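Trainee: Once you've had a glance at the structure underneath, I'll fire off some questions.
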Amino acid sequence: MTGTTLRRMRPWLGTYVSIEACAADAAHAALAIEAAFVEIATIHAAMSFHSASSELAQLHREAPLRPIRVGWHTWAVLAQAQHLARLSDGVFDPTVAPQLVRHAALPRPEGPAPDETGNWRDIELLNDQQVRFRRPLWIDLGGIAKGYAVDRAVAALQRSGIRYGSVNAGGDLRVFGDAPEDLPLAVRNPVDPATQIVLGTLRNRAVATSGEFFLGREGDTGGLSPIVDPARGIRPAHARSVTVIAETCTVADGLTKIVSLLGPKAQTLLDHFGATAAIIEPPDQLHAADGFWAALGHTQPPGELLHA
Amino acid sequence: MSTPRPGWTTTSLVALASASVPALFPPPAQAAQYMSIEQAQKAAFPEADRFETRNLRLTPEQIKALDGVASVRQRGEIRRIDAWAGNKQLGTIYVDDVIGKVEWVTYAVALSTDGSVRALDILEYRETHGYEVRTPSWRKQFAGRRADVPFHFGEDIKNISGATLSCAHLTAGVQRLLALHAQLSGTGNR
């Protein structure tokens, strides 16, 4: 079966979002991509930390005072964030924003100053999509909302009858459908950055990576990691990156933060979600969890194993 | 992470590069063309019957004034396309480039006659190597290695994953174009 593949890229979620869709004709693909970008724009508007008119900003201002009803995107992301926080016993915690604000990685929101002893347990998800904070909090959904936006964009493409395609929000990506070719996944060659090393190929999976060097935010964190350890605070960046492969990009995105902080101890959580991960460390080591290479289309780990 | 866990394996990436694996797959694109200018014109103003193109060369004074709006590396040569239906102007498209940390982006912003943004699309996206932007603290991680061997794992990974690349430079470029448009159409004074 032949079709027309269209690719479009627009700036959203603080990064470059590209969408690829194959349909019977270009007009169909263009409409579907438009619908997917509308979904992403809606999610961006609801959960932007930077915008004073986002639902998130309203939560910062008013949720310590009274229950605030949020839209279902924000509700879904908060519910997923709380789920990850509970499962990881607070290793994943969306209330770490005050530390990022202090280091100018995020702008200071309007409203009451946060109680820094607060944590994810102080977010109450009430009935009827209402949210209340037990104490003033600043929450950053950046660790999961981008993956969620990718998943919703994929759903929009599928609803529009797109056979296969992909959505890539600055590296948080998901590929779906019955593409004639699998999507290659690569990292840069550490010895020659102008070249890349293809790790394998992806089909019907989502990937997210947390690197600690390229801060996806504005502001100068002065070599500090954008990943905040809820227990120990912000810390110097490690020269490593974590890649998670999962069924959905929401899960992949959220798990990268947990694997960054726990390393291989996150295995139980990876298993829980049917996900797998790799940690890349200098000078050139790639530590792969069980199933990582299989998820990339290999029957056994390629290349030369340093430790098995 | 020096003690691997059961079920985890460690592979040398460099050795992987020389293994036969990569030859099986085409490498992901580091440059991609998303739309042609003609496609962007049609998508933004489907009702137009005529497009008039001019190249604007900004004077040093203009560039300086725009630097006050937002600072970003632009080439200073901007294509302006006016969309018409008969003798009615529908709006204007600007085609411009911004150069970010590792990315070089050509984009088109379409404005209605009231100056509001009607469409914003990236036409072409390229990556430069970007090792010049590595932070000192990053470089320190590799003390003892050859200084001229830059590292950046996973920072990008196109098709791929990588710590997120900010689109702040593009946002700054758009702000500059909006200011320039206001200046050119005399609607900039409030």
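The values are calculated or read from the model by the stated rules, or taken from the named source; none is laboratory data. Because the structure is predicted, anything quoted here is derived from the model rather than measured. When we count neighbours, we look across all protein chains shown, and the Cβ atoms used for this are built from the backbone with ideal geometry, even at glycine. These area figures cover heavy atoms from the full protein model, side chains too; ligands, DNA and RNA do not enter into them. Shrake-Rupley method; radii C 1.70, N 1.55, O 1.52, S 1.80 Å.
Trainee: Quick one: in region B:116-130, of everything that is modelled with pLDDT of 85 or more and open to solvent by less than 30 Å² (accessible area, probe 1.4 Å), which residue is nearest to the other protein chains (Cβ to nearest Cβ)?
Mentor: B:ILE122
Trainee: Condition first: within 14 Å of another protein chain (Cβ to nearest Cβ), open to solvent by 30 Å² or more (accessible area, probe 1.4 Å) and assigned to a strand (DSSP E or B). Now tell me which residues in region B:71-112 satisfy that.
Mentor: Correct list: B:TRP104 only.
Trainee: Continuing with this model, one more query. Quick check on this structure: which one of A:ARG102, A:ARG86 is among the basic types (Lys, Arg) and at pLDDT below 95?
Mentor: Within the list A:ARG102, A:ARG86, the selection yields A:ARG102.
Trainee: Right, something else. Can you tell me which condition A:ARG108 does not meet? The list is (1) open to solvent by less than 10 Å² (accessible area, probe 1.4 Å); (2) without any contact (Cβ under 8 Å) to a residue 40 or more places away in the chain, and all the others hold.
Mentor: The number of the failed condition is (1).
Trainee: Ok, one more. Only one of B:LEU13, B:LEU24, B:LEU56 is at pLDDT 75 or above, within 14 Å of another protein chain (Cβ to nearest Cβ) and out of contact with any Ser or Thr (no Cβ under 7 Å at 6 or more places or on another chain). Can you tell me which?
Mentor: B:LEU13
Trainee: Where in region A:4-101 are the helices (runs of 4 or more DSSP H), entirely inside, with at least 2 residues that are open to solvent by 40 Å² or more (accessible area, probe 1.4 Å) and closer than 23 Å to B:VAL174 by Cβ?
Mentor: A:26-47
Trainee: Something else about it: If you scan region B:156-190, which residues turn out to be modelled with pLDDT under 70 and exposed (fewer than 15 other Cβ atoms within 10 Å of the Cβ)? Can you show your working first?
Mentor: Looking only at region B:156-190, we keep the residues that are modelled with pLDDT under 70, and these are B:156-165, B:187-190.
Those that are modelled with pLDDT under 70 and exposed (fewer than 15 other Cβ atoms within 10 Å of the Cβ): B:THR187, B:GLY188, B:ASN189, B:ARG190.
Trainee: Restricting the search to region A:152-189, which residues are more than 7 Å from chain B (Cβ to nearest Cβ) and free of Cβ contacts under 8 Å to residues at least 60 places away in the same chain?
Mentor: Listed by number, the residues that qualify are A:GLN158, A:VAL175, A:PHE176, A:ASP178, A:PRO180, A:GLU181.
Trainee: Output the residues belonging to region A:225-266 that are at pLDDT 95 or above and facing chain B (nearest Cβ under 8 Å).
Mentor: none
Trainee: Given the conditions (1) at the interface with another protein chain (Cβ under 8 Å from one of its Cβ atoms); (2) modelled with pLDDT of 90 or more, which single one is not true for A:LEU269?
Mentor: (1)
Trainee: Going by the structure shown, is B:ALA40 of a type outside the set (Val, Ile, Thr), buried (at least 20 other Cβ atoms within 10 Å of the Cβ), modelled with pLDDT of 95 or more and out of contact with any helix residue (DSSP H, G or I) (no Cβ under 8 Å at 6 or more places or on another chain)?
Mentor: Yes: the conditions hold for B:ALA40.
Trainee: State whether one or more residues within region A:188-206 are closer than 18 Å to A:ASP253 by Cα, open to solvent by 20 Å² or more (accessible area, probe 1.4 Å), in a loop (DSSP other than H, G, I, E, B) and modelled with pLDDT under 85.
Mentor: Among the residues of region A:188-206, not one is closer than 18 Å to A:ASP253 by Cα, open to solvent by 20 Å² or more (accessible area, probe 1.4 Å), in a loop (DSSP other than H, G, I, E, B) and modelled with pLDDT under 85, which makes the answer no.
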